[in-house]
Structure formats: C-alpha cells, structure tokens
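**Q** To start, I am sharing the structure in question, which I have written as structure tokens.
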Amino acid sequence: MIVTAAELFKVAYGKFAVGAYNINNMEQTHGLFRGGIQSQSPFIIQISKGARKYADKRMLEAMIRAAEAIYPEAVFVVHLDHGDEETCYDCIDSGFYSSVMIDASHEPFEKNVEITRRVVERAHAKGVSVEAELGMLGGVEEDVKVEEGHACLTDPEQAKEFVRLTGCDSLACAIGTSHGAYKFKGKQSIRFDVLEKIQKNLPGFPLVMHGSSSVPKSEIMRINAAGGKLDPSACGVDDNEYLPAAKLGVTKINIDTDGRLVWTRVHREYLRDHPEEFDFRGPGRVFMTEYANFIASRSEKLGSANTLSEVRNSILELRKNKAA
Ligand code: G3H
Ligand code: 13P
Ligand code: ZN
C-alpha cells in the first residue's frame with residue numbers, strides 16, 4: 001500500500017522514526033520490501049536524481065509497482081530524494097510519487113522559501129507530500145559537494161518561519177550529520193541541543209534527519225579484509241541515537257551509505273571466496289538476504305518494528321474520516 005509521507009508521519013510522530021532507503025536496482029528493491037515485512041515495519045523508498053538517471057525513472061517505477069504486487073503486505077512511501085524544482089514537478093505530475101523533497105537549501109533563505117512554496121502548491125494540489133530543507137549538511141549529495149567549513153546547522157528560529165511561509169509537510173534539518181561514510185571527526189553525536197530547540201519551535205511538526213547511516217566499523221573492516229581500501233577512520237551516527245531523535249520529532253531517518261557498505265562487503269567476500277564462479281545471481285541472492293536483515297535491524301533501532309498493522313489501520317481510518 002503506497003501512502004503519503006504526511007499520512008505516515010501522523011501515525012509515527014513522537015513514537016518512532018521511519019527509515020528512508022535509496023534504491024537503484026532490483027536486488028535493493030527485493031531486500032527492502034523483504035526487510036520491511038520481516039520486521040513488520042513501514043518504510044520510505046527514496047529515489048535520487050542519480051538513481052533516475054542510472055536505472056531510468058520508468059524502470060524504477062515498474063520495479064516498485066512489481067514489488068507492490070509481490071509483497072502486498074508492505075506499507076511504504078515513494079519519495080524523491082534531494083529534488084530540484086524541475087524533477088519535483090516531473091515526479092508530482094507522474095502520479096506515482098507520494099512524496100517529494102525540494103532541496104533548495106543551498107539558496108539564500110528567501111529564495112529557498114520562494115522555490116519551496118511553489119513546489120508545495122503544485123504538490124498539494126495532487127495530494128503529494130513535500131519535504132524541504134533548511135541548513136546545510138556537509139558531504140556529497142548528487143552533484144553538490146558541501147565542504148565541511150560551509151556546512152551550517154539549521155537555525156531553530158528560521159525553521160519556524162520557514163515552515164510557516166512554505167507550508168511544507170516536513171523539514172530536513174542539519175543537526176551535525178553529513179552524507180557519506182566520513183561523518184564525524186572526534187566526538188560522534190547528533191546535535192541534540194539544536195534538535196531540541198527546533199522541536200520546541202515546531203511542536204508536532206515532522207523533522208527529517210539526512211546523513212544517518214551508522215557506518216559500522218565491522219563492515220569497514222570486513223570490506224578491507226576482502227580487498228577494499230576504505231579509510232578506517234570512517235564513522236557514522238550511533239544507531240542508539242535514532243530513537244531518542246525520534247522522541248524529539250525526527251520522523252524520517254535517511255540511510256543510504258550503510259546499504260552500499262552491505263553491497264560492497266557481500267560482493268567482495270563472495271568473489272574472494274568463490275573465485276571460480278561467474279554467475280552474478282550467487283552474490284545477488286546473498287545480498288538480498290543480507291540487505292533484508294539489515295533493514296530489519298534498522299527497524300528495531302528506529303522503533304518502527306512491529307508497527308505495520310497499527311500503521312495500516314490508522315492510515316485507512318484517517319482516509320475514511322477525510323472522505324466522510
Ligand atoms: O544523499 C544522497 C543519497 O545517498 C543518494 O545518493 O545521489 O548517489 O544516488 P546518489
Ligand atoms: P547517508 O549517506 O548517511 O546514508 O545519508 C543518506 C541520505 O541522507 C539520503 O538523502
Ligand atoms: Zn540526504
């Protein structure tokens with residue numbers, strides 16, 4: 001069942017966070033749906049501009065529609081990750097996406113408001129939810145690389161004003177995380193002090209945390225032991241901080257890098273251990289199982305495990321009341 005982010009956030013807010021995972025191919029798609037069902041958790045499928053270019057947007061849509069039929073129990077959002085205005089309109093007009101992110105966070109405040117406002121109007125007219133971003137994370141996303149010195153945390157006062165002016169449904173906040181595998185030097189922690197202030201200014205409003213991969217040390221070590229050359233200083237978000245963040249209004253937690261690490265570890269180890277094989281279905285099968293297990297482990301950390309039937313029933317109830 002495809003739901004909007006706004007519907008899902010109404011049920012989850014303050015209790016648990018929903019994992020948002022990027023997909024690019026068939027193996028990730030199977031793994032994600034299986035992991036969601038295995039842990040009885042809703043999830044958010046994220047599609048980046050890069051993924052739309054890599055796989056073709058029609059291939060991704062067809063794959064998700066197929067997965068919906070294969071796994072009818074799943075409850076999920078189809079979301080555009082880090083969209084520009086043009087891509088947001090393409091997704092809204094497609095009638096397939098139930099949520100888009102307009103990322104104009106690199107623009108000055110007024111311009112960010114102006115662009116986001118336009119996207120919100122067009123999206124809401126079609127019942128599509130909008131995530132916007134204020135503040136700037138460090139790291140690389142799409143074609144934009146934000147040098148560490150230029151990353152800036154979300155200003156809690158501005159956040160309140162931004163939501164009021166734009167009418168967005170959720171707000172991605174910069175609270176100390178960054179995209180990719182190298183998030184923290186020294187102390188590893190989300191800026192809970194900033195998050196608390198944002199929530200105080202926006203009580204009940206869904207917040208989003210990007211750059212939330214946990215980058216497990218064990219994964220880095222296994223990849224390097226199997227021939228990889230990742231920098232051992234790689235460091236992510238402590239996954240024991242997901243739930244405390246959820247209690248402070250973070251309702252969507254974005255995880256992509258960790259899935260890439262699972263993929264890299266599985267394929268490096270498989271090819272190392274089976275040098276005589278050349279059937280890609282061997283490592284593909286292992287990856288789907290490992291990725292499903294990984295998603296299920298995230299659901300536990302996010303507090304979303306075993307909420308599936310409650311979420312489905314609550315959303316159906318919400319829809320019934322809205323129609324009445
Ligand atoms: O924040 C970006 C996500 O990790 C997606 O990455 O743009 O390389 O598909 P991508
Ligand atoms: P990670 O790089 O921490 O997985 O973050 C992903 C993300 O924020 C996608 O929008
Ligand atoms: Zn992101």
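Any read-out appearing in this document is the output of simple, stated calculations on the displayed coordinates, not a laboratory observation. These numbers were taken from a predicted model, which means no experiment stands behind them. For neighbour counting, all protein chains shown are included, and Cβ atoms are generated from backbone atoms with ideal geometry for every residue, glycine included.
**Q** Kindly list, by first and then second residue, each pair from a residue in segment 208-227 that is within 13 Å of ligand 1 (Cβ to nearest atom) to a residue that is assigned to a helix (DSSP H, G or I) and of a type in the set (A, V, I, L, M), limited to pairs with Cβ atoms under 8 Å and residues at least 6 apart or on different chains.
**A** The qualifying pairs are Met209/Ala245; Ser213/Leu261; Val215/Leu261.
**Q** Take Asn313 and decide whether it is outside any helix (DSSP H, G or I) and surrounded by fewer than 16 Cβ atoms within 10 Å (Cβ to Cβ).
**A** Working: outside any helix (DSSP H, G or I): no; surrounded by fewer than 16 Cβ atoms within 10 Å (Cβ to Cβ): yes.
Taking the combined requirement at face value, the residue does not satisfy it.
**Q** Related question: With respect to Asp231, is the statement that it is surrounded by fewer than 22 Cβ atoms within 10 Å (Cβ to Cβ), touching a Phe, Trp or Tyr at 6+ places or on another chain (Cβ under 8 Å), not hydroxyl-bearing (Ser, Thr, Tyr) and not in a helix (DSSP H, G or I) true?
**A** Numbers: surrounded by fewer than 22 Cβ atoms within 10 Å (Cβ to Cβ): yes; touching a Phe, Trp or Tyr at 6+ places or on another chain (Cβ under 8 Å): yes; not hydroxyl-bearing (Ser, Thr, Tyr): yes; not in a helix (DSSP H, G or I): yes.
Against the criterion (surrounded by fewer than 22 Cβ atoms within 10 Å (Cβ to Cβ), touching a Phe, Trp or Tyr at 6+ places or on another chain (Cβ under 8 Å), not hydroxyl-bearing (Ser, Thr, Tyr) and not in a helix (DSSP H, G or I)), Asp231 qualifies.
**Q** Still on this structure, I have one more. Just give me the residues in segment 233-260 being within 16 Å of ligand 3 (Cβ to nearest atom) and under 30 Å from Gly284 (Cα atoms), in sequence order.
**A** Restricting attention to segment 233-260, the residues satisfying the condition of being within 16 Å of ligand 3 (Cβ to nearest atom) are 236-237, 242, 245, 250-260.
Matches in segment 233-260: Gly236, Val237, Tyr242, Lys252, Ile253, Asn254, Ile255, Asp256, Thr257, Asp258, Gly259, Arg260.
**Q** Would segment 82-93 turn up any residue that is among the hydroxyl-bearing types (Ser, Thr, Tyr), buried (at least 18 other Cβ atoms within 10 Å of the Cβ) and touching a residue at least 12 places away in the same chain (Cβ under 8 Å)? Walk me through it before giving the result.
**A** Filtering segment 82-93 down to residues among the hydroxyl-bearing types (Ser, Thr, Tyr) leaves 87, 89.
From what is left, the residues that are buried (at least 18 other Cβ atoms within 10 Å of the Cβ) are 87.
Next, only the ones that are touching a residue at least 12 places away in the same chain (Cβ under 8 Å) stay: 87.
Yes, segment 82-93 has at least one match.
**Q** Of all the residues that make up segment 238-261, how many are within 14 Å of ligand 1 (Cβ to nearest atom) and not polar (S, T, N, Q)? Talk me through it step by step, then tell me what you get.
**A** Within segment 238-261, the first condition is being within 14 Å of ligand 1 (Cβ to nearest atom), and the residues that meet it are 252-261.
Within this subset, residues satisfying the condition of being not polar (S, T, N, Q) are 252-253, 255-256, 258-261.
Residues meeting the conditions: 8.
**Q** Here's another thing I want to ask about it. If you check Ile37 against the conditions, is it away from ligand 2 (no atom under 16 Å from the Cβ) and in contact with a strand residue (DSSP E or B) (Cβ under 9 Å, 6 or more places away or on another chain)? Walk me through how you get there before you give the answer.
**A** Working: away from ligand 2 (no atom under 16 Å from the Cβ): yes; in contact with a strand residue (DSSP E or B) (Cβ under 9 Å, 6 or more places away or on another chain): no.
Spelling it out, it is not the case that Ile37 is away from ligand 2 (no atom under 16 Å from the Cβ) and in contact with a strand residue (DSSP E or B) (Cβ under 9 Å, 6 or more places away or on another chain).
Listed here are the residues, each with its yes/no results for (1) of a type outside the set (A, V, I, L, M, F, W, C); (2) part of a loop (DSSP other than H, G, I, E, B); (3) closer than 18 Å to Asn240 by Cα; (4) touching an Asp or Glu at 6+ places or on another chain (Cβ under 9 Å).
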site: Gly176; (1), (2), (3), (4): yes, yes, yes, no
site: Lys200; (1), (2), (3), (4): yes, no, no, no
site: Gly204; (1), (2), (3), (4): yes, yes, no, no
site: Gly211; (1), (2), (3), (4): yes, yes, yes, yes
site: Ser214; (1), (2), (3), (4): yes, yes, yes, yes
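**Q** Here's a follow-up. Which fully enclosed helices (runs of 4 or more DSSP H) of segment 1-119 have 1 or more residues being closer than 15 Å to Ile295 by Cβ? Quick ask: steps written out before the conclusion?
**A** Numbers: elements: 5-12, 26-38, 57-70, 85-94.
In segment 1-119, the matching helices (runs of 4 or more DSSP H) lie at 26-38, 57-70.
**Q** So how many residues does segment 264-283 have that are in a helix (DSSP H, G or I), of a type outside the set (A, V, I, L, M, F, W, C) and surrounded by fewer than 17 Cβ atoms within 10 Å (Cβ to Cβ)? Don't jump to the end; show me each part of the working.
**A** Here is the first cut: in segment 264-283, the residues in a helix (DSSP H, G or I) are 264-273, 281-283.
Keeping just the survivors that are of a type outside the set (A, V, I, L, M, F, W, C) gives 264-265, 267-270, 272-273, 281-283.
Checking which are surrounded by fewer than 17 Cβ atoms within 10 Å (Cβ to Cβ) leaves us with 272-273, 281-282.
The qualifying residues number 4.
**Q** Considering only segment 227-250, I want to know if a residue exists there that is of a type in the set (Gly, Ala, Ser) and in contact with a Leu (Cβ under 6 Å, 6 or more places away or on another chain).
**A** Of all residues in segment 227-250, those of a type in the set (Gly, Ala, Ser) come to 227-228, 233-234, 236, 245-246, 249.
Next, only the ones that are in contact with a Leu (Cβ under 6 Å, 6 or more places away or on another chain) stay: 249.
Within segment 227-250, one or more residues are of a type in the set (Gly, Ala, Ser) and in contact with a Leu (Cβ under 6 Å, 6 or more places away or on another chain).
**Q** If we keep just the residues of segment 166-194 that are under 21 Å from Lys10 (Cα atoms) and over 19 Å from the mean Cα position of the chain (by Cα), which is surrounded by the most Cβ atoms within 10 Å (Cβ to Cβ)? Write out each step before concluding.
**A** Residues of segment 166-194 that are under 21 Å from Lys10 (Cα atoms), as a first pass: 166-173.
Then keep just the ones that are over 19 Å from the mean Cα position of the chain (by Cα); that gives 166-167.
On the way: Thr166: 24, Gly167: 14.
Among residues in segment 166-194 that are under 21 Å from Lys10 (Cα atoms) and over 19 Å from the mean Cα position of the chain (by Cα), the one surrounded by the most Cβ atoms within 10 Å (Cβ to Cβ) is Thr166.
**Q** State whether the residues of segment 46-53 include one that is without any contact (Cβ under 8 Å) to a residue 40 or more places away in the chain, more than 19 Å from Ser309 (Cβ to Cβ) and over 18 Å from the mean Cα position of the chain (by Cα).
**A** Yes, there is a match, as at least one residue in segment 46-53 is without any contact (Cβ under 8 Å) to a residue 40 or more places away in the chain, more than 19 Å from Ser309 (Cβ to Cβ) and over 18 Å from the mean Cα position of the chain (by Cα).
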